[in-house]
1. Rounded to the nearest angstrom and ordered from largest down, what semi-axes does the equivalent ellipsoid of segment B:181-317 get from its C-alpha gyration tensor (root of 5λ)?
2. With N set to the residue count of segment A:33-143, report its C-alpha Rg divided by 2.2 N^0.38 Å to two decimal places.
3. Pop out the ³J(HN,Hα) list for segment B:209-218 in order, Karplus 6.51 cos²θ - 1.76 cosθ + 1.60 with θ = phi - 60°, rounded to Hz; leave Gly and Pro as x.
4. Give the shape of segment A:98-152 as rounded, prolate or oblate, defined through the alpha-carbon gyration tensor: a ≥ b ≥ c are the square roots of its eigenvalues, a/c under 1.5 means rounded, and otherwise the shape is prolate if a/b is larger than b/c and oblate if not.
5. Using alpha carbon coordinates only, what is the Rg to Rh ratio of segment B:103-144, with Rh defined as the Kirkwood radius?
6. How much of A:LEU131 can a 1.4 Å solvent probe reach, expressed as accessible area in Å² and rounded to 10?
7. Sort out for me the Cα centre separation of segment B:142-156 from segment A:120-155, rounded to whole Å.
8. Under the rule of at least 5 residues apart or a separate chain, name every residue whose amide H is placed under 5 Å from the amide H of A:GLN83.
Amino acid sequence: MSYLNISNVDVVFPTNNGAFIALREVHLEIEKGEFIAIIGHSGCGKSTVLNVVAGLLEATRGGVLLENKEVNSPGPDRAVVFQNHSLLPWLTVYENVRIAVDKVFGKSKSKAERHDWTLHNLRLVHMEHALDQRPGEISGGMKQRVGIARALAMQPKVLLMDEPFGALDALTRAHLQESVMEIQAALNNTVLMITHDVDEAVLLSDRIVMMTNGPAATVGEILKVDLPRPRNRLELADDPTYNHYRAEVLRFLYERQRRPEAA
Amino acid sequence: MSKVIALATVLPVKSERPESSLPVPLAGERIVTPAANAERQPPAVPIQALSPPVSRARLRAAAIARAIILPGAVFLLVLVVWMLVNAKITSDIPTPAATWARAVEIFGQPFYVAGPNDMGIGWQVLYSLGRVLAGFALAVAVGIPVGFLMGASRDVHQACYPLVQILRPVSPLAWLPIGLLVFQAKDPSAIFVIFITSIWPVIVNTAAGVQAIPKDYLNVARVLRLGKLEITRRILLPATLPHILTGMRLSLSVAWMVIVAAEMLTGGIGIGFYVWDEWNNLNVASIIVAIGLIGLVGIVLESLMNLAQRHFDYNRR
Ligand SMILES: Nc1ncnc2c1ncn2[C@@H]1O[C@H](COP(=O)(O)OP(=O)(O)O)[C@@H](O)[C@H]1O
Ligand SMILES: [Mg+2]
């Protein structure tokens, strides 16, 4: 049995015009330490999959097993990095991470240990210089870094990221991708990341899950990315294998799952 | 539309600071973008020659002068109109000079006590402030929880919203007879009127604040498995505080207006009754002095609320 098992998940939303089938028979098995990217056109149901794994949304049929235990509510073992960073604006950078540390390790770690652990995670994302700033005072990229630190600080079994860099400019996004690769190499987290960026998917992940268009979206194809790590975006730019993977994903998105309105 | 969005609840949204900021021009320096450059080729006159550098100190001096001269001019105009009214329409309106003399007299002894119905203007203001603060505090104590419930629960919102909508536009003074009947006393009735005045903005703004909490914050709370109490203390309260303070600021300034009218009706000690009493004695100069004082106290209340808002509002810090 795999580490994280998304097992034949259907999600149906009741709407004013009747039931809307968002997902049908989504099945995915993820091993410990794997980095999975989910890619698909906007609105196909990627966030819905992630929310089911997070426990924020209940599957209509099927379910999610983490280490053979059924997931039925949200919890810090499945930390989420939200697209809009979702830092609490009245707390400082330090406090935004500390609130998670206190909640998760309130009983198991001493106060000094929790302080150190908070700083440690902020150092991982290179944010130790802005401890006392508030989210309103730092850039979008920095906010996303703090969001990642907060998630990492929970020591989750699975790190869930919903288009974490979608709102950032290309350069900032590249910096954050490097940070994520660095951290993943060091900690060997299990990561499920949603993206709509083909390069990001190929660069970061071990497998790319390509979703079909909704309604009733499901897993269309899974592409195994067999590129050695550490990966370097400059070297990979001319790498034929890399470009082959890239082309595969593009072909899936723009030939097989071409959006009707884009035709 | 079922959402309560009061105009005043629209909070300033701070724009995100960009990762790399544009170069900031220093005084006298111009940033010429390539496009702008192409349009203006070649510049006929050197820019520097057109606008000679003005020193910062002189700009500041000019700004200060404007801040004094412009309001001063309006003030003078008001004085002129006032004197014209005195000279041409009715001499019952005292001259500015006579009013000033009366003000000096009144403020010379603001806290005298010559009997239960004859006290200095300082006492009058303090009694009115006391009523305002009592009614306001009660309104906050009741309004915030009610607003929270209305913001958090669809059903409570649906149940209470029509009532709030009907009662909100009613002049709070209309409640004075009800207060007098129920409490059989003037003081509690005036406080009751202030309570009614203050409660609607607090309820409406609190409810709007709770409804405006981004879902992401609540999702964060769920992932962290915060308890109900922790969610209220660490997420709901701080997230809605700016809205609550907006409601409180609105309430307080209206309450200060309403107390004057309420006291005119109830009598007793208070700045409102003072105005009414002086009218009965045809002491118009005292009334004009009281008007000025009421305005000043209003400004002080407003700035205190602004201070509180700045202190607690993470958006403005
Ligand atoms: N709460 C909901 N109620 C009704 N429909 C929803 C709800 N959440 C999402 N949907 C619909 O489900 C589909 C998938 O949404 P989502 O998972 O957010 O897409 P993605 O993240 O891939 O852009 C969309 O068509 C969306 O409109
Ligand atoms: Mg999405």
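The values are calculated or read from the model by the stated rules, or taken from the named source; none is laboratory data. Note that the structure is a prediction, hence the values are computed from the model and not measured. Virtual Cβ from ideal backbone geometry, glycine too; neighbours counted across all protein chains shown. To get the accessible areas, we keep the full protein, side chains included, count just its heavy atoms, and leave off ligands, DNA and RNA. Shrake-Rupley method; radii C 1.70, N 1.55, O 1.52, S 1.80 Å.
1. Listed largest to smallest, the semi-axes of segment B:181-317 are 41, 17, 9 Å.
2. Numbers: Rg = 16.5 Å, N = 111, 2.2 N^0.38 = 13.2 Å.
Normalised Rg, Cα atoms only: 1.25.
3. These are the phi-based 3J(HN,Hα) values: x, 5, 5, 8, 5, x, 4, 4, 4, 5 Hz.
4. On the way: a/c = 2.20, a/b = 2.08, b/c = 1.06.
Prolate, since a/c reaches 1.5 and a/b exceeds b/c.
5. Result: Rg/Rh = 1.22.
6. The accessible area of A:LEU131 comes to roughly 40 Å².
7. 34 Å
8. Answer set, sorted by chain and number: A:ASP162.
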